[in-house]
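The values are calculated or read from the model by the stated rules, or taken from the named source; none is laboratory data. Keep in mind it's a predicted model, so treat the numbers as computed, not measured. Glycine gets a Cβ as well: all are built from the backbone with ideal geometry, and neighbour counts include every protein chain shown. For the accessible areas, the whole protein counts, side chains as well, though only heavy atoms, and no ligand, DNA or RNA atoms are used. Shrake-Rupley method; radii C 1.70, N 1.55, O 1.52, S 1.80 Å.
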Amino acid sequence: MSVMKRVSLIFKSKANKALDRMEDPRETLDYSYQRQLEMLTQVRRGVADVATSRKRLELQMNTLRQQQNKLDGQAKQALGAGREDLAREALGRKATLQGQISDLETQYHSLQADEEKLTVASQRLQAKVEAFRTQKETIKATYTAAEAQSRIGEAVSGISEEMGDVGMAVQRAQDKTAQMQARAGAIDELLASGALDDASGTVKDNITLELDRMSSGSEVENELAAMKAQLSGGSAPKELAGEAPGAAAPQSAQPVQQPAAEPVRPQDGDVR
């Protein structure tokens, strides 16, 4: 196979495939039905033309017959008047008209036969067009239903292009969300372990949090022990009074003044 033939074959196959994708069977059926209606109209127009020609021949034959009758009467009158020559001339013209009438009758019968044939063909073609119209509507309805079912099936199964794009968008969103969640979790772990410093100071590592909890718990226990010592009237030990190593010594406590004793009043009967 030569190069040009291969190129031609490839081009024809590509063009046929493209046309097949573009073709809509419903539009093709409508176009075929329209063409059949045009053919039926042409046949009916032909029947009308043949009928018109036949009628014209019929009128011409009637006219010639009237002329024949007139010439026949004139021949009789001439013969009655003793003019045999005029009667012979009239009869000669009558014979000429009879030849013309015979030719017209032949054409008339031919046109009549053609008219009958065209009428039968028109009726048959009309029946075929009506049957094709019924079949066309049935095929169109079936094709439309099948197309709708195919589209619904593609939409449900996600095969269609629209649903495919939506599915891909959802998948990309899920992937990005999972990636951001993993990144946030990794950063939290690094901040908690102290591998990363928090510039805002709001996040502390595990050791700092443990020390803060111990310090807070010790302060609460010391404060609770001090309250108990005050209530019992005793002095709290230093280690329970909240004194920290290296802290400034507390000021010396002022001596507590005892109240003066009241004089004893003499009882009744005592020596004054």
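Here are some notes:
- Å³ per residue enclosed by the Cα convex hull of region 1-95: 144 Å³
- Charge tally around Lys140: other residues with Cβ under 11 Å, Lys/Arg +1 each, Asp/Glu -1 each, net -2.
- Sequence of Glu58, Glu116 when ordered by accessible area, the most exposed leading, probe 1.4 angstrom: Glu116, Glu58
- For Met4 and Glu58, the FRET efficiency from 1/(1 + (r/R0)^6), where r spans their Cβ atoms and R0 equals 45 Å, is about 0.10.
- With 0.36 nm allotted per residue and the present C-alpha distance subtracted, the Asp188-Asp24 stretch has 53.0 nm of extension available.
- Simple label model, 7 Å out from Cα along Cβ direction - Ala169 to Ala225, nm: 6.8 nm
- Distance between the pseudo-spin-label points of Thr96 and Arg65 (7 Å out from Cα toward the beta carbon): 2.2 nm.
- Within the same chain, lysines fewer than 8 places from Lys5 are excluded, and of the rest, those with a Cα less than 29 Å from its Cα are Lys14, Lys17.
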